[in-house]
Amino acid sequence: MSRAAGKARTAGSEGGPSQQCDGPTRLSLHLASDHASAAVNWRLFLPETWDPRSPQADPDKAARRTACQIPEDVGHVEKWQLALDMLDETRSWGIEVPLAIADAGYGDAAAFRHGLQARGLNYVVGISSTLSAQPAGAVPVAEPYSGTGRPPVAKYPDKPRSVKELVIAAGRKAARPVQWREGSRPGTGRSGRKRMSSRFVALRIRPAGREVRQATDGPELPECWLLAEWPAGEPEPVQFWLSDLPSGMPVTTLARLAKLRWRIEHDYREMKQALGLAHFEGRTWGGRHHHVTLVSVAHAFCTLQRLAQTPKDAAPA
């Protein structure tokens, strides 16, 4: 993991799974480092209303599939599963993916996190403040066995709390200042730009929930990192992440990796504003994929041209 920050691959989408959408939306997987990124894989998400095999199918929308030339074998698949499919395909090309980064729309899905672990991929994923967990020090306890019937199953004596509650319980004193990258504003650093900074709390916790319990052998829930951004002056933490990186990982590394997802937003901004990603007016399955492929190639070319410049002349993205 010594070079994970330089090779981190991020999975993200336009219009995350947490948003309501009644039409197809595009998802993308990006290869990213601290200095460059590019979209390398795409999927088109179809809501259940567009899938004639779904109980939620809308006859009018399902009928539009023919006009849009959507293949018959393409139906509704959860966005987190599409993200895993993109990772599988990208790795099948021989591309190393040592780390996955995603927003809360994916991170809240325990099945997505378990899918990454099953593939041997470490992750740093955003989560909602309401995701429940036990403190790392919590221990399952079994009631005394009466001698008849089944022996009692060990359980955690206290109910899980939200990650927000756990961070607030740790208090402001647990927050550490972290700088993670250069920004665009003028500063006094060597580059002449101000570094991005904030305060972060890093705790070891045990995520809870039915899906986590069903995927766990034994009574003890697996331990992982909870990272929370708690800026100075804010009354409570404002953003949360989970990570299965090793327990000795510095908070500076966790924060830098969590914030690396900004590169996806940067890519989308460049592809929309300069390369016409949002200008496609066609209505066909093939046309959409053709368009995003050309935009991705153009964006990758521009990125390579920027990286080919000398460090003195190259402007950070």
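The values are calculated or read from the model by the stated rules, or taken from the named source; none is laboratory data. Bear in mind the structure is a predicted one, so any value in this text is a computation, not a measurement. FYI the Cβ positions are ideal-geometry reconstructions off the backbone, even for glycines, and counts take in every protein chain you see. Remember, those area values only see protein heavy atoms, side chains included, never the ligands or the DNA or RNA. Shrake-Rupley method; radii C 1.70, N 1.55, O 1.52, S 1.80 Å.
The figures follow:
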read-out	value
Residue ID - farthest from ARG204 (Cα to Cα), chosen from residues in segment 246-263 that are touching a Ser or Thr at 6+ places or on another chain (Cβ under 7 Å) and of a type outside the set (A, V, I, L, M, F, W, C)	ARG263
Residue under evaluation ARG64, criteria (1) outside any strand (DSSP E or B); (2) in contact with a His (Cβ under 6 Å, 6 or more places away or on another chain), criterion not met	(2)
Residue selected from segment 131-175 under the condition β-branched (Val, Ile, Thr) and either touching a Leu at 6+ places or on another chain (Cβ under 6 Å) or assigned to a strand (DSSP E or B) (or both), by the criterion modelled with the highest pLDDT	VAL163
Residue in segment 180-193 that is within 30 Å of HIS114 (Cβ to Cβ), under 22 Å from the mean Cα position of the chain (by Cα) and at pLDDT 95 or above present	no
Selected residue [closer than 28 Å to ARG269 by Cβ and without any contact (Cβ under 8 Å) to a residue 24 or more places away in the chain] from TRP93, TRP42	TRP93
Matching residues, segment 115-159, being within 30 Å of LYS259 (Cβ to Cβ), of a type in the set (A, V, I, L, M, F, W, C) and in contact with a strand residue (DSSP E or B) (Cβ under 8 Å, 6 or more places away or on another chain)	LEU116, LEU121, VAL124, VAL125, ILE127, LEU131, ALA133, ALA136, ALA138
Residues within segment 237-258 that are closer than 15 Å to ARG113 by Cβ, assigned to a helix (DSSP H, G or I) and either open to solvent by 10 Å² or more (accessible area, probe 1.4 Å) or of a type in the set (Val, Ile, Thr) (or both), tallied	0
Single residue of segment 290-317 satisfying the filter (outside any helix (DSSP H, G or I) and modelled with pLDDT of 60 or more) that is most open to solvent (accessible area, probe 1.4 Å)	PRO311
Tally of residues being outside any helix (DSSP H, G or I) and either surrounded by fewer than 17 Cβ atoms within 10 Å (Cβ to Cβ) or of a type in the set (A, V, I, L, M) (or both) across segment 77-103	12
Members of segment 106-150 that are among the small types (Gly, Ala, Ser) and surrounded by 12 or more Cβ atoms within 10 Å (Cβ to Cβ)	GLY107, ALA109, ALA110, ALA111, GLY115, GLY126, SER128, SER129, SER132, ALA133, ALA136, ALA138
Given (1) modelled with pLDDT of 95 or more; (2) more than 18 Å from ALA258 (Cβ to Cβ); (3) open to solvent by less than 50 Å² (accessible area, probe 1.4 Å), index of the condition GLY209 fails	(1)
Residue that is open to solvent by 70 Å² or more (accessible area, probe 1.4 Å), assigned to a strand (DSSP E or B) and not acidic (Asp, Glu), where the choices are ARG181, ARG199	ARG199
